[in-house]
Amino acid sequence: MLIKFFVSAANNGYLNGLANEFNESTNSIRKELNNLSSAGYLLKSKENNRIIYNANTSHPMFEVLQKIVRQHLGLEDIVETVIDRIGDVDQIALTGEYAEGIDSGNIEIIINGLNVNKDYLNSIKPKIKKKIGREVSFLVNQKLNSNSIILYKKATK
């Protein structure tokens, strides 16, 4: 559930939707939502007879939790590896199910830049999988969608 809410502050959910998404009982999801809400990590709002939960970005621990979730997923390692070795990278973004907070096992990364070494990207996939325990798909020079989360952006001079 932490992945759902802390990989991106834009992610939200409601009780029945989360129960279906995680294939868990509404009772167990309700308990976790109540625990996270009472600790101040999640905010609640009412929308069309549903209580919607999302991360409390003003909580003092928000950035720490987000960093922990991203490290758990191996995103920090992916970004460092890519920036160090593949060419002139302008932007790296998380997209797909992980950007929506769904731990599906396949991380989709968009890499935009000049002369991106696709052969190198293909060669590091098995190493990354071994290190983080998840498949990685690299999409080169693709347009970001509304769910994409920017992990790195080259500083402009």
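Here, each number is a calculation from the coordinates, and none is a lab measurement. As the structure is a prediction and not an experimental result, all values here were calculated from the model. We place every Cβ from the backbone using ideal geometry, glycine too, and count neighbours over all the protein chains shown.
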By how many degrees, 0 to 90 and rounded to 10, does the Cα axis of helix 62-73 deviate from the longest principal axis of the chain? 60
Nearest 10 degrees is fine. How inclined is helix 118-132 to the longest principal axis of the chain, computing both from alpha carbons? 40
Measuring from its Cα centre, the range 2-63 shows a charge dipole (+1 at each Lys and Arg Cβ, -1 at each Asp and Glu Cβ) which, in debye to the nearest 20, is 200
Angle, helix 75-85 long axis vs. longest principal axis of the chain, Cα atoms, 0 to 90°, nearest 10? 10
